[in-house]
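Colleague: Sharing a structure, written as structure tokens. Questions coming.
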Amino acid sequence: MPRFETLTLTVDPDGVAVLTVNRPDKLNALNRQVMRELNAALDAVESDAAIRAVVLTGAGPKAFVAGADISELAGLDTSTGEEFSRYGQTVFDRIESSAKVFVAYVNGFALGGGCELALACHLRVAADNAVMGLPEVTLGTIPGYGGTQRLMHVVGKGRALELMLTAVPVKAEAALGMGLVNRVVPAAEGLEAAKAMARQITTRGPLAVAAAIQAVRAGLNDADAGYEAEAEAFGRLCGTADFAEGTAAFLAKRPPSFTGS
Ligand code: COA
């Protein structure tokens, strides 16, 4: 198994891998290194026939992933912002289009890019302490890793816009109620529950599982224009004063003051 600095990847004898984002001191925020290593881990998962399914989770008791790393976001401009969005879209699309099932185990905060990462997985099991949301507008930006499209497909346009525009996160039971997660389990047994769900799927016909994933995805292909619009807008927002203010305010631990410019 390859070794990573910001991820761990282990495989059970039953073919269920556990891929863990491992930056607990930063609530597993997705910086460039995590994204690069995630891409490399997907190579390892795809090329290892012993891996039949993957549970994706975050290290530590508090967070799945608390978003893209805001200290890196803050340095983006119009052009690097669009590239940033496109790279993240590509990595997360590899998860969504994988023939091996990915189950997110949402063990705490799944905000921004973390919520988008959970949405890229085929199924989501939430611990009872999970908190999920898309707070990007508080930073003067929008979800840039496919979230504007995937959230809409999972919970519908109305709820997706509510989550994105209000930036108010939801707790596990509310997430279950709107279909944002498939199941809520006590945190103490959550990883095992997610692994059990993955294991159950590995007993089904692998070609059929792959075909079901691809067929569902095929119907979503009109979203390409949506992803295009997302990356363009993300890059444009990275060049605004509001984005500089929103990210600077977070890092300085103060409320933002937006001017709409
Ligand atoms: N990017 C960079 N660092 C982050 C982060 C992110 N998305 N989320 C958390 N962190 C860091 C904090 O800055 C802090 O680092 P420090 O100890 O060096 O100051 C550390 O992780 C712990 O977070 P903290 O804010 O102290 O924990 P908390 O329990 O008080 O609050 C959250 C938890 C999730 C509510 C809060 O961290 C938060 O709002 N994070 C940002 C969420 C967000 O907007 N994500 C979308 C980004 S696109």
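The values are calculated or read from the model by the stated rules, or taken from the named source; none is laboratory data. Bear in mind that the values here come from a model prediction, so they are computed numbers and not experimental data. Every residue, glycine among them, receives a Cβ derived from its backbone with ideal geometry; neighbour counts consider all protein chains shown. These area figures cover heavy atoms from the full protein model, side chains too; ligands, DNA and RNA do not enter into them. Shrake-Rupley method; radii C 1.70, N 1.55, O 1.52, S 1.80 Å.
Colleague: Under a 5 Å amide H to amide H cut-off, with H placed in plane at 1.01 Å, what residues pair with VAL131 once short-range neighbours are removed?
Modeller: When sequence neighbours closer than 5 places are left aside, the close amide H contacts are GLY108, PHE109, ALA110.
Colleague: Continuing with the same structure: Using only the alpha-carbon atoms of the chain as identical scatterers, what base-10 log of I(q)/I(0) does the Debye formula give at q = 0.11, 0.13, 0.16 Å⁻¹?
Modeller: One equal scatterer on each Cα of the chain leads to -0.55, -0.78, -1.21.
Colleague: With an 8 Å Cα cut-off and a minimum separation of 6 or more residues, compute the relative contact order for the chain in percent. Could you put the intermediate results ahead of the total?
Modeller: Values: 529 pairs, mean separation 55.1, N = 261.
About 21 percent, as a whole number.
Colleague: Just name one of VAL91, ALA126, GLY156: the one whose Cα is farthest towards the positive end of the charge dipole of the chain (beta-carbon charges, Lys/Arg +1, Asp/Glu -1).
Modeller: ALA126
Colleague: Still on this model: Convert each backbone phi in segment 120-129 into a coupling constant with the Karplus relation 6.51 cos²θ - 1.76 cosθ + 1.60 (shift: θ = phi - 60°), then list the ³J(HN,Hα) values in order as whole Hz, x for Gly and Pro.
Modeller: Running phi through 6.51 cos²θ - 1.76 cosθ + 1.60 with θ = phi - 60° gives 6, 6, 6, 9, 10, 10, 10, 5, 5, 9 Hz.
Colleague: Considering only protein heavy atoms, what is the solvent-accessible area of ASP222 at a probe of 1.4 Å, reported in Å² to the nearest 10?
Modeller: That residue has around 140 Å² of solvent-accessible surface.
Colleague: Ordering HIS122, HIS153 by accessible area with a probe of 1.4 Å, largest first, what comes out? Don't skip to the answer; put the middle values down first.
Modeller: Values: HIS122 45, HIS153 95 Å².
Descending accessible area places them as HIS153, HIS122.
Colleague: Write down the accessible area per residue of the chain in Å², having rolled a 1.4 Å probe over the full set of protein chains.
Modeller: 43
Colleague: I've got another one for you. What ³J(HN,Hα) values, in whole Hz, does the Karplus curve 6.51 cos²θ - 1.76 cosθ + 1.60 give for segment 105-117 when θ = phi - 60°, with x put for Gly and Pro?
Modeller: My calculation for segment 105-117 gives 9, 8, 9, x, 5, 10, 10, x, x, x, 5, 5, 5 Hz in order.
Colleague: Could you please state how large a percent of the accessible area of the chain is carbon and sulfur, counting protein chains only and using a 1.4 Å probe?
Modeller: On the way: 6500 of 11310 Å².
Carbon and sulfur: 57 percent of the exposed surface of the chain.
Colleague: While we're here: Given the C-alpha centroids of segment 1-64 and segment 77-136, what is the distance between them in whole angstrom?
Modeller: 13
Colleague: A further question on this structure: Taking amide H positions as placed 1.01 Å from N in the peptide plane, with prolines and chain starts having none, which residues 5 or more places from VAL181, or on another chain, fall under 5 Å of its amide H?
Modeller: Close amide H contacts, sequence-distant or interchain: LEU176.
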